[in-house]
Amino acid sequence: MTPEKMMGLLDGKVAVITGAARGIGKACAQVFVREGARVLAVDISGQEKDIAAELGPAVIPVRADVSQEHEVAAMIQTAAKAFGRVDVLVNVAGTPAGRSLEYLSLEEYEIQTAVNLKGVLLCMKHAIRAMLQTGSGSIVNVSSVAAINAEERAPVMYMGAKAGVHAITKAVAVEYGRRGIRANVLAPGVHAHRTQPDRSPGRIARVVLEGGAWTGGAGTGASRGRGVSGLRPRLLRDRRDHPGRRWLVGTVGLT
């Protein structure tokens, strides 16, 4: 099937994407809009306005701190009021890794868990309330391969918070799957960010939609932003036979 014929696979869907101003979140917003979805682009940086300006009227920017419940509740209400429903939640917002355990302060513990764990929990809580109104929904939580395999590059509290995301995602999948809401985890390895601009977040956006494990080499200028053209959004379709509780694990941008 050609990319042109696959356009519009998310027509009519409404997605809330956190951490949408750059990296994985931005790539997801770009792909979702291209596939016909309307998107609430959430970020704390203020740059969410830039992605909305880039993608047009299908995107509404919202500045929110996902560690604050009243702000999370307000952003979900904004999506429901503006678009009439919430079909998809993609939790990308996160806090960079901290220090080794021997140097870990209580303040650093609170910072790591506030966004990386509590923020995911709060976003799921309020998105589920909206999804129950329509009887279906899909949640994709972007975690880290460090939650599965310990490595020196990922300090203890970062790994602990991300592992917690896996646990709460499983709990949500079990409890709400029978009510039409699926929950899955994507655990990427190395991915694009401001210090590694040559590695393509579009590959991870593709996996969010495809629902399959993957491996990949280093991104190039030619492929960056274009490796998401032929998609099958299995995680996001209204399919009762689609399993929840899936872990999607891989390495992106590694040579």
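List of remarks:
- Charge-dipole axis of the stretch 109-163 as Lys and Arg at +1 and Asp and Glu at -1 on Cβ define it, positive-most pick from I111, P155, L121: L121
- Under-5 Å amide H pairs with S138, H placed in peptide plane, nonlocal only: V88, L89, R182
- Reach of K118 by Cα under 19 Å, taken over lysines that are not fewer than 8 positions away in the same chain: K162, K170
- With the simple spin-label model, which puts each label point 7 Å out from Cα in the Cβ direction, the R179 to S45 separation comes to 3.5 nm.
- Here the residues V72, V156, ranked from fewest to most Cβ neighbours within 10 Å of their Cβ, fall in the order V156, V72.
- Reach of K49 by Cα under 22 Å, taken over lysines that are not fewer than 8 positions away in the same chain: K13, K26, K81
- Cleavage-rule hits, trypsin sites (Lys or Arg not before Pro), the stretch 80-180, DSSP coil, Cβ neighbours within 10 Å at most 12: R153
- Ranking of L104, L186 by count of other Cβ atoms within 10 Å, fewest first: L104, L186
- By the count of neighbouring beta-carbon atoms within 10 Å, fewest first, D65, D43, D11, D87 end up ordered D11, D65, D87, D43.
- Taking label points 7 Å from Cα along the Cα-to-Cβ direction, L106 and R63 give a separation of 3.1 nm.
- The GluC sites (Glu not before Pro) of the stretch 123-179 that meet both conditions, a loop assignment by DSSP and at most 14 other Cβ atoms within 10 Å of the site Cβ, are E151, E152.
- Cα centroid separation, the stretch 23-97 to the stretch 125-180 (Å): 18
Bear in mind that the values in this text are calculations on the coordinates, not laboratory data. From a predicted model like this one, the values you see are computed outputs, not experimental measurements. Please note: Cβ atoms are built from the backbone with ideal geometry, for glycine as well, and neighbour counts cover all protein chains shown.
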